[in-house]
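Below you will find the structure I want to go over with you.
Just so it is clear, none of the values below were taken in a lab; they were calculated from the coordinates. Small disclaimer: the values here were computed from a predicted structure and weren't measured. When we count neighbours, we look across all protein chains shown, and the Cβ atoms used for this are built from the backbone with ideal geometry, even at glycine.
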Amino acid sequence: MKNFKIALIPGDGIGPEVIAEGVKVLKTIERLNSEISFSFTEFPWGCQYYLENGKMMADDGIEQLKEYDAIYLGAVGYPGVPDTISLRDLLIRIRREFDQYVNCRPVTLLNPSLTPLKDKTEKDIDFLVIRENSEGEYAGAGDWLFKGKPEEVVLQTGVFSRKGTERIIRYAYEEAKKSNRTLTSVSKANALNYSMVFWDEVFEEVGKEYPEVKTYSHLVDAASLYFVVAPERFEVVVTSNLFGDILTDIGAAITGGMGLATGANLNPEKKFPSMFEPVHGSAPDISGQGIANPIAAIWSVSQMMDFFEEEQWGEVILSTIKTILTEKNSITPDLGGTSSTEGLGNRFVELLTLQAAKKQLVVN
Ligand code: NAD
Ligand code: IPM
Ligand code: MN
């Protein structure tokens, strides 16, 4: 019997709405396979907690989370609390304190009807963005001088350490090597004359250890263009924290929207818990209506299962997502469907149960 301890942080806005459906999927796995069990602990941290307690998480929150195998997070941030507080004190804090330096965000088209790109199919849009997740432009270093005065100056410093840059680039080379894919580095050395020159040098240096990996290097502006006009160029992409953030929203746009994009925040050494979450935010414009698309959150469960080395479950969740995407009545309005968030989750459980049986994954 394998037991996985999962910390749930549903968070704000549509976060709790989509996490509820992901938890249903986890409970379905537990029901279908008597050798796997999950224990869940829910943490009420987020903007509401902040308004009541003046902080985004408990003082010993990081300590509390340490004992979990994984964190499953919905979304953080809501009008009424400044994003600089809500995100930096909860989401970004967890990524950094748990050294989740790898952010794996697949850009995979699961159904040809979902892309706004004409003439592009599943064969053209299928790559993985590996985003540096612990430093870079998000390091939080800077200064605010002469606030409110005419000579006001604001500095936001990117921090690119040798250790931090090498490890993310090496992770990406390993990923490309083991899956026999090309590796594209995305940077911007023509304008960022320290950080990105360094990034490019490290990409080349580490590459000497991987002669079998075919590499490309693009400037981030050109890469944004190619994401849209020629996504078939990419197989594995490695990039900095901010560029990865922006590029993966473009990735979401070409694969069906924010409701379908997932990301795994990994501490590959497993010294600390890793965190699984949709790429999207709390979507205040639709929260409380029961129409948020929970597929990104469900895909995060698939990534979690892969991380737990239960890849057969990771795969069957993904194939069930492909199936549900063909059923107009079972998907949410952002995809042109008519279902509610909960309706989608319930139908997903039915389909997953059928597919798991067909794949002989049921263990009594
Ligand atoms: P957002 O991702 O919340 O929303 C962008 C657009 O996508 C909106 O139109 C929204 O309705 C739509 N959308 C997002 N998720 C959807 C889903 N599951 N189903 C259907 N439609 C969906 O981005 P935003 O509006 O820029 O940010 C809102 C808040 O969330 C801000 O406070 C922001 O800082 C925060 N945020 C948090 C995270 C996170 O916790 N990981 C990620 C991004 C933004
Ligand atoms: C994401 C989000 C976060 C990020 C924000 C909310 C801090 O946009 O996970 O993509 O920029 O990393
Ligand atoms: Mn983002």
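Just to be sure before I move on: is Gly251 part of a helix (DSSP H, G or I), under 12 Å from the mean Cα position of the chain (by Cα) and surrounded by 24 or more Cβ atoms within 10 Å (Cβ to Cβ) in the structure I sent?
yes
For Thr108, are the conditions met, namely being hydroxyl-bearing (Ser, Thr, Tyr), out of contact with any Gly (no Cβ under 8 Å at 6 or more places or on another chain) and over 30 Å from Lys358 (Cβ atoms)?
Spelling it out, it is not the case that Thr108 is hydroxyl-bearing (Ser, Thr, Tyr), out of contact with any Gly (no Cβ under 8 Å at 6 or more places or on another chain) and over 30 Å from Lys358 (Cβ atoms).
Scan the stretch 135-156 and tell me whether some residue there is of a type in the set (D, E, K, R) and within 16 Å of ligand 1 (Cβ to nearest atom).
So far as the stretch 135-156 goes, yes, one or more of its residues are of a type in the set (D, E, K, R) and within 16 Å of ligand 1 (Cβ to nearest atom).
Further question: Could you identify the single residue in Tyr194, Tyr171 that is under 20 Å from Thr108 (Cβ atoms) and either more than 16 Å from ligand 3 (Cβ to nearest atom) or over 17 Å from the mean Cα position of the chain (by Cα) (or both)?
Only one candidate passes the filter, namely Tyr171.
Moving on to the next point. If you take the residues in the stretch 118-137 that are part of a strand (DSSP E or B) and more than 16 Å from ligand 3 (Cβ to nearest atom), which one is farthest from Thr157 (Cα to Cα)?
Among those that are part of a strand (DSSP E or B) and more than 16 Å from ligand 3 (Cβ to nearest atom), it is Asp126.
Determine, yes or no, whether Gly281 is within 22 Å of Ile321 (Cβ to Cβ) and part of a helix (DSSP H, G or I).
Criteria not met by Gly281.
What is the one condition in (1) assigned to a helix (DSSP H, G or I); (2) without any contact (Cβ under 8 Å) to a residue 40 or more places away in the chain that Gly148 does not satisfy?
Every listed condition holds for Gly148 apart from (1).
Filter the stretch 231-262 down to residues that are away from ligand 2 (no atom under 11 Å from the Cβ) and of a type in the set (S, T, N, Q) and give me whichever is farthest from Arg93 (Cα to Cα).
The qualifying residue farthest from Arg93 (Cα to Cα) is Thr255.
Here's another thing I want to ask about it. Which is away from ligand 2 (no atom under 11 Å from the Cβ), crowded, with 24+ Cβ neighbours inside 10 Å and polar (S, T, N, Q), of Asn293, Asn265?
Asn293
Can you work out which of the residues in the stretch 219-245 that are among the hydrophobic types (A, V, I, L, M, F, W, C), under 17 Å from Val102 (Cα atoms) and part of a helix (DSSP H, G or I) is nearest to ligand 3 (Cβ to nearest atom)?
Here the answer is Leu242.
Here is a further query. Could you please let me know if Ser240 is buried (at least 24 other Cβ atoms within 10 Å of the Cβ), touching a helix residue (DSSP H, G or I) at 6+ places or on another chain (Cβ under 8 Å) and of a type in the set (Ser, Thr, Tyr)?
Judged against the criteria, Ser240 is a match.
Considering only the stretch 255-265, I want to know if a residue exists there that is in contact with a Phe, Trp or Tyr (Cβ under 7 Å, 6 or more places away or on another chain), more than 16 Å from ligand 3 (Cβ to nearest atom) and within 24 Å of Phe308 (Cα to Cα).
Checking the stretch 255-265: not a single residue is in contact with a Phe, Trp or Tyr (Cβ under 7 Å, 6 or more places away or on another chain), more than 16 Å from ligand 3 (Cβ to nearest atom) and within 24 Å of Phe308 (Cα to Cα).
How many residues does the stretch 220-230 contain that are small (Gly, Ala, Ser) and within 16 Å of ligand 2 (Cβ to nearest atom)?
1
Among (1) out of contact with any strand residue (DSSP E or B) (no Cβ under 9 Å at 6 or more places or on another chain); (2) touching a residue at least 40 places away in the same chain (Cβ under 8 Å), there is one condition Lys178 misses while meeting the rest; what is its number?
Failed condition: (2).
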